[in-house]
Structure formats: C-alpha cells, structure tokens
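Report on the structure given below.
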Amino acid sequence: MKKIAVLTSGGDCSGLNAVIEAVVRGGIKEGYEIIGFERGYDGLLSNDYIKLDERSVMDLSRKGGSIIRNSNKTNLFNFRVKKDDGTYEYKDVSDIAVKNLREDDVECLVVVGGDGSMTSARDFMRKGINVVCVPKTIDNDVPYTDRSFGYTTAYFHIADAVQSLKTTAYSHERVMVLEVMGRQAGWLALEGGIGGNADAILLPEINYEVEKIVAFLKDRFEKGYRSSVIVVSEGAHERGKEQVAFIDKNYPDAVKLGGVGAILAKQIEEKLKPITGQEVRNTNLAYIQRGGDTNVNDIILGFRYGALAIRAIKNKDYGKMVAVKGGEDTFVPITDIVGNGPVGETSTGGAHNVELDCPLIKCAKELGIYLGE
C-alpha cells in the first residue's frame, strides 16, 4: 500500500489535529496508509512513528495541540550533538532521516509547520524526498496564504484576556500592559487588541516612543478615563533601540523575543505615576494564547489545508505549500516561502508583516486606538 507520513513541527497551536484528521481521512479515501512521526523532526531522526487510521483520529479536530506532538528545537541539517568530552558540536544528520523515509516506503512527507519547519522541508526536497507543506503559525506571518490556522484561536484568547484586564484596570484605576506573541509580525496584537477593545496597541512594524505613550495616557486621564489597557507585541520596540530578547542556544533560532511588556510597564509608571498617580502592571499571556480547544474557523481551515495536502500528493504536485489565497485553493513552491538559501539555515520569521495601510490599521485608527505613532 502507498504510504504518507505526516509530522507537526515548531510550536504547538490549535488546529494541528484538524489537519492530521483531514490528512488521515482524505489519504485513506485515496488508498494510502498514513503514519505520523512523533515529536516532529526528532521522530523522523529516530524513526519513531505511529500508524494513523480513521478510528485514531475520530472527532479529533476540536482538541488543541498535536496528538503526534511537536519539537521546535530540531534542525536535522544543523543538529546539536554532544561530544565525548561533554561539549557540543553541530552536524548534518539528515541522511539518517532520509534512510528512514526510504526504508519505511514513504511516498510523501507532509510537514505541518512554519517558516523554520518549511526550510528543513526544502532541504529534504533537495535530497530527493517528496514533500508537501501545510502552513502553521499563530503569528500569521507566513506569506502567500490568507491566514494560518491557529491564528484565529490565538487572537480570540488575546481578546478575552484584554477584556479581563479591562475590568481589573477599571477597578484599581490602573494601566495594564498585555504582552503577546507574534515575533516580527503584529497581527496577533492588532486583531486581538481590536477584538478586546484595547486602548493602545504596539506593533513590531511601528516603533514607539515612551514619552508619546505617556502623553496619550495622560490625555485619557484628563478626559476622565482612569484606566487603560495596552497590548504590546513581543517584537515591538522603542524607537532607536533593539528588540527585547534573550539568547537560548538550545534552540536552532537562538534569539528568543520576550520581556518588552515588563520593561515598558516600568518605563510608563516611572513617568506617568507622578502625573496621574496611576500604577502600571504587566501581564505576559505567553503559552495561554497557543493552547486550548480549537476555534471552529481554525477547524475548518485545518480540514481544508489537510484535504489540499492530499490533493497535492494525489496529483504528485510535490515541493509545494498548500494555501488559501483570496479565498481560492492554491499551491505555492516552498522556495517562494523560504527562499533558496544554504542547507541547514535557520529561518528568523515569516515575511508576512502588518502593512501600515491595511484595513485593520485603518479600523484601529478610526476607533481611536493608539498605535504608537
């Protein structure tokens, strides 16, 4: 029997199981056997997989996360290996994975992941492996597709968090800062902030100035608004300064964004409290925005992507990322997404950023939401 393998790579998100369910149901309908490599590319290296049938994925779509689990630390073309002396070196171990795929008689590998996962998929394609990719990121930063599954569920969580913070901000007459994910793209902060009715939204695409934020908050206070909620994307940063980040060498992408909310809250309070008496508190939503039950929009999109992956395999249209662009099904060469760079490179983020004249930006401005300009 013809065989398809699927793996989920990168960070988890809601909708992964919907994609898996659609790949299994659609693949079996076309006469394929389906296996799932566990823990992303780690499972591909160790040849650790499970067989997936319709019973194993029955009514799976609403459940968050991935039943075959994820790894966001693994680049098999630049793999961290411990040496006998206790130090580490980086080696290309991809040939082991290629050998596993061929010995398992896998006709095509379906990679469900973001730009980093698709970069590795491109490199496996160069080694003769048939690959089809499904775009996955809550950041919504993958180009050539209208949106990524998991994004809608994530910004719903953000909108709920903003609403919760507004009640406590009002009760204590405080300014609340909510830091959210997004890397270099501000979509989560923007749509989640609008949905939660935030008073200010700070994006990576618009560098802010603390003095102008304080002036905005002072003006609100003088107009009688004694509380405010600010949503800040983890990639947002002060004009003329670097993004707030730390280095974690355990990850292929060692630069990890995060911490801007705490710094910003302190900066604002130092300048605002002497004027209005308001305290400023920070909340980092962190992994809460990634998980939980899947929003029905992401279930439908996950089903659609999974079905498109099977269509691509059926038509032997390999080396493509499935996409929905302008509402239409489409198939985009992986190299259009991640480029044609060297084997083993680590992607630093997708290229789909918030355009400053997009409808959501215009909507936010028309609602009076401060965007840091």
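Key figures
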item: Exclusive hit being farther than 17 Å from ALA309 by Cα, in the same structural domain as GLN278 (by TED's automatic domain parsing) and either assigned to a helix (DSSP H, G or I) or in contact with a His (Cβ under 6 Å, 6 or more places away or on another chain) (or both), set THR119, THR167; result: THR167
item: Filter result for VAL142 (more than 21 Å from GLU242 (Cβ to Cβ), crowded, with 24+ Cβ neighbours inside 10 Å and among the β-branched types (Val, Ile, Thr)); result: yes
item: Qualifying residue in segment 322-343 (condition: more than 21 Å from the chain's Cα centre (by Cα), surrounded by fewer than 20 Cβ atoms within 10 Å (Cβ to Cβ) and among the basic types (Lys, Arg)); result: no
item: Given (1) charged (D, E, K, R); (2) more than 20 Å from the chain's Cα centre (by Cα); (3) surrounded by 22 or more Cβ atoms within 10 Å (Cβ to Cβ); (4) within 30 Å of ASP48 (Cβ to Cβ), index of the condition ASP199 fails; result: (4)
item: Only one of ASP53, ASP59 that is under 24 Å from ILE299 (Cβ atoms), free of Cβ contacts under 8 Å to residues at least 24 places away in the same chain and of a type in the set (Asp, Glu); result: ASP59
item: Residue under evaluation TYR208, criteria (1) buried (at least 17 other Cβ atoms within 10 Å of the Cβ); (2) farther than 30 Å from CYS358 by Cα; (3) at pLDDT 95 or above, criterion not met; result: (2)
item: Test: residue in segment 178-190 that is of a type in the set (Asp, Glu), within 23 Å of the chain's Cα centre (by Cα), surrounded by 24 or more Cβ atoms within 10 Å (Cβ to Cβ) and not in a helix (DSSP H, G or I); result: yes
item: The lone exception for ARG147 - which of (1) over 14 Å from SER347 (Cα atoms); (2) modelled with pLDDT under 95; (3) buried (at least 24 other Cβ atoms within 10 Å of the Cβ) it fails; result: (3)
item: Among residues of segment 116-153, those that are over 17 Å from SER94 (Cβ atoms) and either touching a strand residue (DSSP E or B) at 6+ places or on another chain (Cβ under 9 Å) or among the β-branched types (Val, Ile, Thr) (or both), counted; result: 17
item: Residues satisfying the stated conditions in segment 28-70, i.e. buried (at least 20 other Cβ atoms within 10 Å of the Cβ), small (Gly, Ala, Ser) and closer than 26 Å to ILE96 by Cα; result: GLY36, GLY40, GLY43, SER66
item: Test: residue in segment 234-247 that is of a type in the set (Gly, Ala, Ser), in contact with a Leu (Cβ under 7 Å, 6 or more places away or on another chain), within 30 Å of MET118 (Cα to Cα) and modelled with pLDDT under 95; result: yes
item: Pair list, Cβ under 8 Å, 6 or more apart: segment 338-350 residue among the hydrophobic types (A, V, I, L, M, F, W, C), other residue modelled with pLDDT of 75 or more; result: VAL338/ASP115; VAL338/MET118; VAL338/THR119; VAL338/ARG122; VAL343/PHE77; VAL343/ASP92; VAL343/ASP123; VAL343/ARG126
item: Tally, over segment 338-373, of residues that are at pLDDT 95 or above and either outside any loop (DSSP other than H, G, I, E, B) or over 26 Å from LEU190 (Cβ atoms) (or both); result: 9
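For (1) in contact with a strand residue (DSSP E or B) (Cβ under 8 Å, 6 or more places away or on another chain); (2) in contact (Cβ under 8 Å) with a residue 24 or more places away in the chain; (3) not charged (D, E, K, R), each residue gets a yes or a no:
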position	(1), (2), (3)
GLY326	no, yes, yes
ASP329	yes, yes, no
ALA364	yes, yes, yes
LEU371	yes, yes, yes
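The values are calculated or read from the model by the stated rules, or taken from the named source; none is laboratory data. Keep in mind that what you see is a predicted model, and the values were worked out from it rather than measured. No Cβ is skipped: glycine too gets one built from the backbone with ideal geometry, and neighbour counts run over all protein chains shown.
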